[in-house]
Amino acid sequence: MSSKVILIKPYSAYERQPAPAEDADLTHVERGSPAGELMRRYWQPVALSSEVGELPIKVRMFGETLVLFRAKNGQLGLLEPHCSHRGTSLEFGICEENGLRCCYHGWLFGVDGTILETPGDPPESTLRHSLCHGAYPVHEYKGLVFGYFGPPAAKPEFPIYDSFEHPGDRLVPYYITYPCNWLQVHENVMDPAHAVFLHTRISFSHFADAWGELPEMDFVPTPTGMIYVTTRRWGDNVWVRSNDILLPNLAQVGHVWEDGATPKAFGRVAITRWTTPVDDTTCRIIGWRHFHPDADPRGLADESQCGPESVDFFGQNGDRPYEERQRIPGDYDAQVSQRPIAVHALENLTRCDRGVAMLRQLIRRQMRRMAEGEAPGVSAVRSGGLIPTYTHDTVIQVPPREDKQDDAALLREIGKGITDIVVKGPQHEQADRHERVRALIHAYAESRRETVA
Amino acid sequence: MSSKVILIKPYSAYERQPAPAEDADLTHVERGSPAGELMRRYWQPVALSSEVGELPIKVRMFGETLVLFRAKNGQLGLLEPHCSHRGTSLEFGICEENGLRCCYHGWLFGVDGTILETPGDPPESTLRHSLCHGAYPVHEYKGLVFGYFGPPAAKPEFPIYDSFEHPGDRLVPYYITYPCNWLQVHENVMDPAHAVFLHTRISFSHFADAWGELPEMDFVPTPTGMIYVTTRRWGDNVWVRSNDILLPNLAQVGHVWEDGATPKAFGRVAITRWTTPVDDTTCRIIGWRHFHPDADPRGLADESQCGPESVDFFGQNGDRPYEERQRIPGDYDAQVSQRPIAVHALENLTRCDRGVAMLRQLIRRQMRRMAEGEAPGVSAVRSGGLIPTYTHDTVIQVPPREDKQDDAALLREIGKGITDIVVKGPQHEQADRHERVRALIHAYAESRRETVA
Amino acid sequence: MSSKVILIKPYSAYERQPAPAEDADLTHVERGSPAGELMRRYWQPVALSSEVGELPIKVRMFGETLVLFRAKNGQLGLLEPHCSHRGTSLEFGICEENGLRCCYHGWLFGVDGTILETPGDPPESTLRHSLCHGAYPVHEYKGLVFGYFGPPAAKPEFPIYDSFEHPGDRLVPYYITYPCNWLQVHENVMDPAHAVFLHTRISFSHFADAWGELPEMDFVPTPTGMIYVTTRRWGDNVWVRSNDILLPNLAQVGHVWEDGATPKAFGRVAITRWTTPVDDTTCRIIGWRHFHPDADPRGLADESQCGPESVDFFGQNGDRPYEERQRIPGDYDAQVSQRPIAVHALENLTRCDRGVAMLRQLIRRQMRRMAEGEAPGVSAVRSGGLIPTYTHDTVIQVPPREDKQDDAALLREIGKGITDIVVKGPQHEQADRHERVRALIHAYAESRRETVA
């Protein structure tokens, strides 16, 4: 880590020392980099299923360019781009029944990199058995194509989180490419303060006015990573909201139009998003928008806007005119402009940045453990065969205390009470976890009402 | 300085040695470079006032990107672009009453870099008092915004030259960005020979036919830098013209449509232009076109063409089609194509390049003195409180001598006589300097007429 | 040469070592590189005559940018771009009677680099005699402008090959620029297997169905370089075709619409093409399409399509939409995508790549000899004053043998028999070489017919 450099006088930019370097361990992603090797141990989405048709497509991950294709038999292959014969790009290859054929001399590659034919060669040639084309394993799930980029021997099961199979949810794949490092985009999910300013007070209420209230904030570890806990006073209601980080680079978020107006218990995920490392200075938010009636109280969700480089809420890409982006900036503008790779040594973190700091610590801990030989992985906790997740919105009726300080203490107490139910307890290993959590929240809300009364 | 490398035989390009490097001391401008540090000691224009409206703008100088904004109270601020909190660019900040607010978490910065608010922080936080955001001082004058980029303790007064306040002049700001080093653009002002070729003989008379006459040339130091003195025979008239360099990077030029046809004494400035160092391979001509009846004898001036990337005379930017630029090249084409940074070691300077050589010597002398600890500055000479400048056009009636050599000697004598009046003598420290200089020139012209008669 | 790195297991891309470097000796072209110095010993085409009109043009070769112009007296000059005076680009110069005049201060340069005028200088100045502007020799021939870029003392005669003066041929100049290294584009001519796959089986028959038959292949040295010999069975006909490499970087090719359907003896060249090294990662195919009735059996040739960046057969440039290039890839797509510079250490060459391997060996041998002090050059063999070349298409009637192996042996025997006539024997030094070769082929065909009967 570089040491911090600050100015202390007005009009002193001339005194600025050369900018320190970014934190390479946490941000760099190419082969051999600590963060890159950590993320390579997890399945990473690389494309939407809908993009892989008759033609191969080029994808880029961890600084590598690859060719993704679907054989006519339906199997997907993720190959190194240059033909093993003489290097022609397989993006110009032809998809055949069981593989991809190079256009130049007709070599045929299976989805696993096996060389199936070298037709310019004499029939007796054994060349093709003596080598293999570079390939990565692929897994397709609910409209997303995932690759595994780590050591073959360490390939994990594809993990299914409860939110992927939530009854009544429709999952619509989308992605947006950001011309900046992955970490600063990922960190945004553990930064609840930006919602107060960027999303509400700065230009207009992107989502709902309730977001403009500076919440009580807490940051809590979970078996899969961490959540933030924001607790806001909104009239006679108390709204507790948690976003979820599933280490290292998966995040889940409740719906963005929540306004705290109506009591609810353990409302679930509206966005599942990996922040994938395309290269050191490019990343992609890729995942699903969840569509279900609970997550769209005011009819603002729009499935037709979700897909390549597009999603159905404000300020998520760079397509707007520059002047409009200046007048009403969005997430994309705030995060991309933190520099191609944000420089931590130039930051001045405050109390409201505790979530960002904790996320970095958790990732460092994962990297350290991996360096010590421990295999990264997910929690063994299961609920009905699925891995529990902790994103939620909960709104309970508790009238405000008269004194502002007292009410803040009340909010913190309620935030902690609800979070204990959401994160701790034996209910998380039972198949009816959702019902049990909701019942416990209802009971807690009732007890609070009685306390007040 | 690199040593010179020349070829001496026809068809010998194969013998060419690798190109030597540019003269970094004179041309490079980033922090710590001799020329960069020299120019940082002077106020430098960075934008037109008219460009700084409701939205911040990005400006680039000395290789640094900065954000310039106008607070609602009218003050201008010139700040480092990345927010001191987490690095988001302040180009997406919101202009408020007394500062610029970052869009991401709402930090508010004063025009001097003071941190006025860190609203995500607890009210009792003192963080904002312990650091300052990088800022440079700003001065606004006659439609231009100037910054001071040097050591705070060495900040000079903003200098007012007599030409900035010339009675009857209207000053119209403009600029043009050149994709090449600043020095080769600045040198052009001390290169009167190019006017003969580029501006007149090569394709068509850009200004007036009189420019095509190769003049007698001299180069004379002044209290603020240097002038060129060109003296031309045009029929029964002798036209003496001087452009002015105000060290290090300000220049003034008489009007370009002067044709030597009508007697005049001490006609003044039509263009005031700084050649500012945007970075090592980009510069900007920025300043004012002066509009007044004297400077537009044939009604060719056009104020409506002066502004961002545009000015009202031929060949000053790269907007023309390439083929047209080849057929009728202009200053922009000749200067930009000298290479991104002209390489002095590859030049073959001649007698007509004495002005360019002298300008380089003067800048070197300034750099040397600064290295020895002397503070750069302007002459202490004042005329009515303003710093005198020496640009002028003067035309007097003196019929030609029959012998060409004799007439050339006559021109040199007249050039010297007029220049002595323009540059030397006690009149330059008196409030009515202009009237006195003109009276002396009239008397000199009268005496010449008598001599001839 | 880098050592080879291969993968041997499916799904093992993670094991890939960092890519080895390209073979710099064979591929790099800048001053001092072995391949670059070799090619500098030969006249190289740099432009079409039709491109050099009233205005100078910029050309780029061997990593150098140059200005090519035609003086009003008709002479061509190829000059270093930056004026010897102060560096302004001569692309903005004015073509005059006997040279090119710089726009800035009017220096005038002859086609050989002699400095003819320095008009800003005093008349008595001798500066212009003490140096010379960098120039390369130029030769214009049949619509192409050639430069010689090597050591002046080693400048060879401009070589005239028999195919340049073939009776009845019309030579139409064209070129196409490839954003990749020269060698991979040049090698394509010695790679007959790609015609089977890329040009016929992969998407559609670019030329004729007969190309889709995998031929018997041989590769044979000639006095000027090498040829490939492909022998194909097509019904009752045997089609022998040879492309010709004239070392180092000239190639000749028979016409592409040959279908093997009609007997012919020693059909000649349809394309003469240099693959010129623009820089390490850019090359140009530049030469002539030959138009004559023999080379266009089905009326598919189209002279109007031949010129800058265009030629009259499929897939030769990058102008097609990306998706179309993926569906029906052409030479351009296959070759450019081999990487900016193909990496030989990553290839897996097979029997069908023997021509490519042999071409590399021949170039290496030339480079080695040059390093040992031997002057590169062309064969001294002449036929009617012209240098014989060996490209041909020959089709003779010989019915197939029943057994496939037997017929393959027959094809090899016929290929060898025809090639012996085409390449060996005293007829190649006689003025009526073409008639004699044809007579010998007719006699051979007759003898084969008798053998079979």
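The values are calculated or read from the model by the stated rules, or taken from the named source; none is laboratory data. For clarity, every value in this text was computed on a predicted model and none was experimentally measured. Cβ placement follows ideal geometry from the backbone for every residue including glycine, while neighbour counts extend to all protein chains displayed.
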Single residue of A:L68, A:L38, A:L55, A:L26 found to be part of a strand (DSSP E or B) and either among the small types (G, A, S) or farther than 30 Å from B:L78 by Cβ (or both): A:L68
Test: residue in segment A:148-160 that is assigned by TED's automatic domain parsing to the domain that holds A:T419, modelled with pLDDT of 95 or more, in contact with a Pro (Cβ under 9 Å, 6 or more places away or on another chain) and crowded, with 19+ Cβ neighbours inside 10 Å: no
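For A:A47, state whether it is of a type in the set (A, V, I, L, M) and either part of a loop (DSSP other than H, G, I, E, B) or surrounded by fewer than 19 Cβ atoms within 10 Å (Cβ to Cβ) (or both). Step through it out loud before you land on a result.
Numbers: of a type in the set (A, V, I, L, M): yes; either part of a loop (DSSP other than H, G, I, E, B) or surrounded by fewer than 19 Cβ atoms within 10 Å (Cβ to Cβ) (or both): no.
Taking the combined requirement at face value, the residue does not satisfy it.
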Number of the exception - C:E124 against (1) more than 8 Å from chain B (Cβ to nearest Cβ); (2) at pLDDT 95 or above; (3) in a loop (DSSP other than H, G, I, E, B): (2)
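Yes/no matrix, rows are residues, columns are (1) farther than 30 Å from C:G93 by Cα; (2) more than 11 Å from every other protein chain (Cβ to nearest Cβ); (3) free of Cβ contacts under 8 Å to residues at least 60 places away in the same chain; (4) surrounded by fewer than 22 Cβ atoms within 10 Å (Cβ to Cβ):
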position	(1), (2), (3), (4)
C:K9	yes, no, yes, yes
C:Q17	yes, no, yes, yes
C:A21	yes, yes, no, yes
C:T27	yes, yes, no, no
C:P34	yes, yes, no, yes
Of the criteria (1) touching a Pro at 6+ places or on another chain (Cβ under 8 Å); (2) within 30 Å of A:I363 (Cα to Cα); (3) among the acidic types (D, E), which one A:E22 fails: (1)
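Within segment B:203-234, take every residue that is touching a strand residue (DSSP E or B) at 6+ places or on another chain (Cβ under 6 Å), part of a loop (DSSP other than H, G, I, E, B) and in contact (Cβ under 8 Å) with a residue 60 or more places away in the chain and give me the one that is nearest to C:I94 (Cα to Cα).
That would be B:P215.
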Cβ-Cβ under 8 Å pairs, at least 6 apart or on other chains, segment C:142-169 side of a type in the set (V, I, T), far side assigned to a loop (DSSP other than H, G, I, E, B) and surrounded by 14 or more Cβ atoms within 10 Å (Cβ to Cβ): C:V145/C:V52
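Would a scan of segment B:146-154 turn up a residue that is assigned to a strand (DSSP E or B), hydrophobic (A, V, I, L, M, F, W, C) and at the interface with chain A (Cβ under 8 Å from one of its Cβ atoms)?
The first filter runs over segment B:146-154 and keeps only residues assigned to a strand (DSSP E or B), leaving B:146-147.
Checking the rest, the ones that are also hydrophobic (A, V, I, L, M, F, W, C) come to B:146.
This time we only want the ones that are at the interface with chain A (Cβ under 8 Å from one of its Cβ atoms), so: none.
No.
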Residue that is farthest from the other protein chains (Cβ to nearest Cβ), among those in segment B:321-331 that are assigned to a helix (DSSP H, G or I) and closer than 21 Å to C:F69 by Cβ: B:E324
Residue under evaluation A:T177, criteria (1) among the hydroxyl-bearing types (S, T, Y); (2) more than 14 Å from the chain's Cα centre (by Cα); (3) within 29 Å of A:T88 (Cα to Cα); (4) more than 9 Å from every other protein chain (Cβ to nearest Cβ), criterion not met: (2)
Residues (free of Cβ contacts under 8 Å to residues at least 24 places away in the same chain and among the hydroxyl-bearing types (S, T, Y)) located in segment B:48-74: B:T65
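Residue-wise test of (1) closer than 23 Å to C:V253 by Cα; (2) loosely packed, with under 13 Cβ neighbours inside 10 Å; (3) hydrophobic (A, V, I, L, M, F, W, C).
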site: C:V395; (1), (2), (3): yes, no, yes
site: C:R412; (1), (2), (3): yes, no, no
site: C:R433; (1), (2), (3): yes, no, no
site: C:V437; (1), (2), (3): yes, no, yes
site: C:A443; (1), (2), (3): no, yes, yes
site: C:R449; (1), (2), (3): no, no, no
Segment B:319-336 - residue that is without any contact (Cβ under 8 Å) to a residue 24 or more places away in the chain and not aromatic (F, W, Y) and, of those, nearest to C:D121 (Cα to Cα): B:D333
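Every residue in segment C:71-121 that is under 19 Å from C:V145 (Cα atoms), outside any loop (DSSP other than H, G, I, E, B) and touching a Gly at 6+ places or on another chain (Cβ under 6 Å), please.
As a first pass, look at segment C:71-121 and keep what is under 19 Å from C:V145 (Cα atoms): C:71-81, C:90-91, C:95, C:98-100, C:110-113.
Checking which are outside any loop (DSSP other than H, G, I, E, B) leaves us with C:76-79, C:90-91, C:95, C:99-100.
Result: C:L78, C:G99, C:L100.
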Test: residue in segment A:248-260 that is at pLDDT 95 or above, surrounded by 24 or more Cβ atoms within 10 Å (Cβ to Cβ) and more than 30 Å from A:A24 (Cβ to Cβ): no
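Of all residues in segment A:235-245, which are within 17 Å of A:D191 (Cβ to Cβ) and assigned to a strand (DSSP E or B)?
Step one: filter segment A:235-245 for residues within 17 Å of A:D191 (Cβ to Cβ), giving A:241-245.
Listed by number, the residues that qualify are A:R241, A:S242, A:D244, A:I245.
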Qualifying positions in segment B:67-106 - more than 23 Å from A:R354 (Cα to Cα), touching a Lys or Arg at 6+ places or on another chain (Cβ under 8 Å) and among the aromatic types (F, W, Y): B:F92
Residue in segment B:421-431 that is of a type outside the set (V, I, T), modelled with pLDDT of 95 or more and assigned by TED's automatic domain parsing to the domain that holds B:T224 present: no
Filter pass, A:R60 being modelled with pLDDT of 95 or more and more than 10 Å from chain C (Cβ to nearest Cβ): yes
Residue that is surrounded by the most Cβ atoms within 10 Å (Cβ to Cβ) [pool: residues in segment A:279-300 that are part of a loop (DSSP other than H, G, I, E, B) and modelled with pLDDT of 95 or more]: A:D280
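Would you point out which residue out of A:Q366, A:Q335, A:Q305, A:Q361 is away from chain B (no Cβ under 14 Å), of a type outside the set (G, A, S) and buried (at least 19 other Cβ atoms within 10 Å of the Cβ)?
A:Q366
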Residue that is farthest from C:A342 (Cα to Cα), among those in segment A:73-120 that are at the interface with another protein chain (Cβ under 7 Å from one of its Cβ atoms) and aromatic (F, W, Y): A:F92
Hey, C:G134 surrounded by 18 or more Cβ atoms within 10 Å (Cβ to Cβ), outside the structural domain of C:A334 (by TED's automatic domain parsing), small (G, A, S) and on the phi > 0 side of the Ramachandran plot or not: no
